[in-house]
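Data first, discussion second: the structure below is written as structure tokens.
The values are calculated or read from the model by the stated rules, or taken from the named source; none is laboratory data. None of these values were measured; they are calculated from a predicted model. Quick note on the areas: whole protein, heavy atoms, side chains included, nothing else; ligands and nucleic acids left out. Shrake-Rupley method; radii C 1.70, N 1.55, O 1.52, S 1.80 Å.
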Amino acid sequence: MAGDIGWLNSLPPDRAVQELLTCCASRQWAQKVAASRPHPDAASATAAAVAAVCELSWPDVEEALAAHPRIGDRAKAELSEREVAWSRGEQSGAATADAAVRAELAAGNRAYEDRFGHVFLIRATGRSAEEMLTELRKRLANSLLDERIKVQSELADITRLRVRKLLGDK
């Protein structure tokens with residue numbers, strides 16, 4: 001994996017946390033990954049980031065979820081320019097969907113939030129709106145525990161992609 005890790009390794013802990021929060025909005029996660037530095041390479045940093053997501057408690061996952069827009073919605077205004085750009089790119093499949101699919105996604109998002117109490121999270125990168133809608137419908141049938149496991153897995157996938165972007169591996 002390409003990417004320069006030196007700049008991240010050399011940051012003071014508080015600055016490293018701020019940079020990492022653009023990849024995953026859990027403070028616990030960002031602090032843990034920042035504390036695990038230095039990393040010999042970008043692959044090691046990415047692996048540490050994914051492992052840290054998998055170790056998060058549910059409240060920490062919920063903190064991360066709060067920064068993610070609904071599928072088909074714009075990124076939240078309080079996010080950094082980097083996060084807004086990443087979110088826009090990740091959700092490009094939903095942005096180009098026809099009006100009927102966007103309406104179904106909006107209805108599905110509301111049903112999901114009513115059922116599980118948080119935003120529907122899916123690694124949107126590389127997926128069409130129709131694929132995301134199919135997955136949303138399928139996941140509405142999950143138990144609470146199964147869905148929490150799936151959400152944490154999706155968060156790990158998203159975080160992996162964003163850490164790679166942060167480290168310059170386009």
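Numerical summary
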| item | result |
| --- | --- |
| Cα gyration tensor of region 19-69 - equivalent ellipsoid semi-axes, whole Å, descending | 19, 11, 9 |
| Over region 130-170 - Rg/Rh using Cα atoms and the Kirkwood inverse-distance radius | 1.13 |
| Heavy-atom accessible surface of region 9-48: percent carbon and sulfur, 1.4 Å | 56 percent |
| All aspartates and glutamates inside 15 Å of K165 as judged from Cα atoms, apart from same-chain residues fewer than 8 positions distant | D4, E19, D41, E81, E83, E90, D157 |
